[in-house]
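Asks: For reference, the structure I am asking about is given below.
The values are calculated or read from the model by the stated rules, or taken from the named source; none is laboratory data. Since the model is a prediction, treat every value here as computed from it, not as a measurement. Every residue, glycine among them, receives a Cβ derived from its backbone with ideal geometry; neighbour counts consider all protein chains shown. Areas reflect the complete protein model, heavy atoms only, side chains present, ligands, DNA and RNA absent. Shrake-Rupley method; radii C 1.70, N 1.55, O 1.52, S 1.80 Å.
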Amino acid sequence: MASMGLNILIGDASPRVRFGLRLLLEQQPGWRVTGEAEDAQALLEHIHYGCPDLVLLDWELPGMPAQESLTAIRQACPHLRLSL
């Protein structure tokens, strides 16, 4: 049985963290990092172009309090499961 792909969006202010996460995540078969965001505005722009299967979100992502970011993600992509 073929495994389904997993589309991942990374939201972190640090380019090094995003780069490292991308390297680790894309080693998994079928996993793709479909976007990276350095702040909340960029994250929400990526979300509005298409909902990923997974969002890795830095709790201190610049531009918006994390709770507001989660609310905006939930409104744009209601199928995503969110946990803190």
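Asks: Which value at 222 nm does the chain reach when only helices count, each DSSP H run of 4 or more adding -39,500 (n - 2.57), with the total divided by all residues and rounded to the nearest 500 deg cm²/dmol?
Replies: About -11500 deg cm²/dmol.
Asks: By average Cβ neighbour count within 10 Å, what is the ranking of 12-18, 76-82 from highest down?
Replies: Packing proxy ranking, top to bottom: 12-18, 76-82.
Asks: Determine the relative contact order of the range 16-84: mean sequence separation of Cα pairs under 8 Å and six or more apart, normalised by residue count, in whole percent.
Replies: About 26 percent, as a whole number.
Asks: Still on this structure: Would you please put 66-72, 27-33, 4-10 in order of how densely packed they are, using the mean number of other Cβ atoms within 10 angstrom per residue and starting with the highest?
Replies: Peptide ranking by packing, descending: 4-10, 66-72, 27-33.
Asks: Of all accessible surface on the chain at a 1.4 Å probe, what whole percent is carbon and sulfur?
Replies: Within the chain, the accessible surface is 54 percent carbon and sulfur.
Asks: Under a point-charge model restricted to the Cβ atoms of Lys and Arg (+1) and Asp and Glu (-1), what is the dipole moment magnitude of the chain relative to its Cα centre, in debye to the nearest 20?
Replies: The dipole of the chain has a size of about 280 debye.
Asks: Could you go through the range 53-65 in sequence order and give the Karplus-derived ³J(HN,Hα) for each residue, using 6.51 cos²θ - 1.76 cosθ + 1.60 with θ = phi - 60°, rounded to whole Hz, and x for Gly and Pro?
Replies: Result, rounded to whole Hz: 7, 8, 10, 9, 10, 5, 4, 10, 4, x, x, 6, x.
Asks: If you don't mind, there's one more thing I want to ask. Using Cα atoms only, what is the angle between the long axis of helix 15-25 and the major principal axis of the chain, expressed in degrees (0 to 90) to the nearest 10?
Replies: Taking Cα atoms only, the helix is inclined about 30 degrees.
Asks: Using only alpha-carbon positions, what ratio does the radius of gyration of the range 42-84 give when scaled by 2.2 N^0.38 Å?
Replies: Normalised by 2.2 N^0.38 Å, the Cα Rg of the range 42-84 equals 1.03.
Asks: While we're on this one: For the range 1-79, compute Rh as the Kirkwood radius over C-alpha pairs and then the Stokes-Einstein diffusion coefficient at 10 °C and 1.306 mPa s; write the answer in µm²/s, rounded to an integer.
Replies: 124
Asks: Let me ask something else about it. Determine how many Å³ per residue the convex hull of the Cα atoms of the range 1-42 encloses.
Replies: 47
Asks: If amide hydrogens are placed 1.01 Å from N in the peptide plane, which non-local residues have theirs closer than 5 Å to the one on Val55?
Replies: When sequence neighbours closer than 5 places are left aside, the close amide H contacts are Leu9.
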